[in-house]
1. Name every residue in the range 344-373 that is modelled with pLDDT under 90, open to solvent by 40 Å² or more (accessible area, probe 1.4 Å) and among the small types (Gly, Ala, Ser), in order of residue number.
2. Here is a list of conditions, (1) assigned to a helix (DSSP H, G or I); (2) open to solvent by 10 Å² or more (accessible area, probe 1.4 Å); (3) under 28 Å from HIS406 (Cα atoms), and LEU376 meets all of them except one; can you say which number that is?
3. So the check is Cβ under 9 Å with 6+ separation or different chains; which pairs have a first residue in the range 63-90 that's assigned to a strand (DSSP E or B) and a second one that's of a type in the set (Asp, Glu)?
4. Would you confirm whether any residue within the range 265-276 is among the charged types (D, E, K, R) and crowded, with 21+ Cβ neighbours inside 10 Å?
5. Show me the strands (runs of 3 or more DSSP E) entirely contained within the range 194-276 in which 2 or more residues are more than 16 Å from the ligand (Cβ to nearest atom).
6. Check every one of the strands (runs of 3 or more DSSP E) wholly within the range 129-189 and list those with 3 or more residues that are open to solvent by 70 Å² or more (accessible area, probe 1.4 Å).
7. Tell me whether the range 223-237 contains one or more residues that are surrounded by 17 or more Cβ atoms within 10 Å (Cβ to Cβ) and among the polar types (S, T, N, Q).
8. Is there a residue in the range 297-313 that is part of a loop (DSSP other than H, G, I, E, B), in contact with a strand residue (DSSP E or B) (Cβ under 9 Å, 6 or more places away or on another chain), more than 30 Å from ARG418 (Cβ to Cβ) and hydroxyl-bearing (Ser, Thr, Tyr)?
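The values are calculated or read from the model by the stated rules, or taken from the named source; none is laboratory data. Because the structure is a prediction, the values reported are computed rather than measured. Heads up, the Cβs are rebuilt from the backbone with ideal geometry, glycines too, and the neighbour counts pull from every protein chain shown. Each accessible area value is taken on the protein alone, full model and side chains, heavy atoms only, with ligands, DNA and RNA left out. Shrake-Rupley method; radii C 1.70, N 1.55, O 1.52, S 1.80 Å.
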Amino acid sequence: MTDTAGPGSVSTQVCIVGAGPAGLTLALELARRSVAVTVVEQSAHFNRSFRGESISPDSVWLLERLGILDKVRDSTLETHRMEIRDGGRLVLNAEFSAFDQPCPFPMELPQPPLLAALAEEAAALPGFTLLRRSTAVELLREGETVTGVRVRGPEGETEVRAALTVAADGRFSKVREMAGLPYEKIPLERDFVWFKVPQPEVWDPHTYRVRINGDRHGLFIPTVPDLVRVGFNIPKGGLREMRKQGIDSLYARVDELAPEVSEGVRTSVTSWSDTSMLDIFTTVVPRWSLPGLVLVGDAAHTLTPVLGQGVNHAIADAVVLAPLAAKALAGGGPDSLLVACRRFQQAREEHVARSRGLQMRQERAFALGDPAKVALRRLAYRLVSSNGFLKRKIVAGIYYPLQEAHRSGRAVLPVAPRPTSSMS
Ligand SMILES: Cc1cc2nc3c(=O)[nH]c(=O)nc-3n(C[C@H](O)[C@H](O)[C@H](O)COP(=O)(O)OP(=O)(O)OC[C@H]3O[C@@H](n4cnc5c(N)ncnc54)[C@H](O)[C@@H]3O)c2cc1C
């Protein structure tokens, strides 16, 4: 059911603030377990460009198990290999087909079709409500316990009362702020500019390219339809300076890193309004829950865009939290909900910390400008590239930890049974 918030008060079992990948996957998994869930989303639509579109193989695997992958297949593009060039030379490449996993390939999948598919699937279930154009503006509390949110919608304010409130409201989470949960925001030395250009004919559309030159680097990620998503680093807060120099300064950066797209960028990016700026930081939140409240996705752990980990962890959070929360809601009181939320954090935070550590090491390597250090960076990439064992270990650690853990029985990730009508 899709609605907008209106006057009065509604009661539900779980209120999720934010209809991003974390919020909607969680809503679907809870609704499939017969939990009443209301999602509060400030936006009227899912049309968001320049968000997480690189889906790691573990997320592809999760989306397949959730029955969502088939619904979005036409909007996807598989990535078959990754290559890193430093100073114009190939220093590292990896073929994903070499990994014997149920879903070996990362995918490009824009968020609008993904979110639409999740919402459509959930809307077919009783107990699911999506309140659009509705912003959570205040937390409701009874004593120390969060009991829901006050929501401002086009028709006024509503109280959504719930046994569990979920902050799935992204990297600038207001709910986390309102709850007073402490966090550390670690800014990185750079920001990122994103834009899209036509796929050059000379490029294979299944290769994820990283190009580095000194302390400058760019990501060149093929996506649908026949486009390349380009992101390159600029100094922290440096966009204003670049804008002053005009759009030619952007063309010059592209010419330096990837002359193959020089022509495309001049036809498809004619002003700065065709670009999007990402302020790069990572957030460490020591405690993800309070009585009646839990954080998921970017609200619990903002990551950087390196190796497409944000969406991945958002979806994995939802799949891990749903059975724990559903069981606690069915059987126990508020204490068992709190225990469930703590178990969720314990199950997830090590994976998130591993991704963050790897991203921070990569970010530092990308930022090296000193020629001696640049030479060492190239050597390190070449060593990894030529050592099959090391390369497999690193790539598997980034892209296949969930599939690997599931296969070996170390961690079982149960997804809810699908209603038979949605399986065809
Ligand atoms: C430019 C850019 C490029 C990126 N590229 C990648 C990539 O290639 N791969 C990758 O894995 N990750 C990438 N990321 C990160 C990725 O987008 C996030 O990690 C992912 O979307 C997190 O999902 P989420 O559901 O936690 O939060 P979000 O996707 O941020 O969703 C939060 C939702 O909450 C809503 N909301 C916020 N506040 C309120 C409120 N008070 N009331 C109601 N609703 C509210 C928002 O409208 C939004 O819909 C990128 C991010 C950006 C910005």
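1. Passing the criteria: ALA367, GLY369, ALA372.
2. Status for LEU376: all satisfied but (3).
3. LEU77/GLU108; GLU78/GLU108; ARG81/GLU95; ARG81/ASP204; MET82/GLU95; LEU90/GLU83
4. No, the range 265-276 contains no residue that is among the charged types (D, E, K, R) and crowded, with 21+ Cβ neighbours inside 10 Å.
5. Strands (runs of 3 or more DSSP E) meeting the threshold: 207-213.
6. Result: 135-142.
7. Among the residues of the range 223-237, at least one is surrounded by 17 or more Cβ atoms within 10 Å (Cβ to Cβ) and among the polar types (S, T, N, Q), which makes the answer yes.
8. Among the residues of the range 297-313, at least one is part of a loop (DSSP other than H, G, I, E, B), in contact with a strand residue (DSSP E or B) (Cβ under 9 Å, 6 or more places away or on another chain), more than 30 Å from ARG418 (Cβ to Cβ) and hydroxyl-bearing (Ser, Thr, Tyr), which makes the answer yes.
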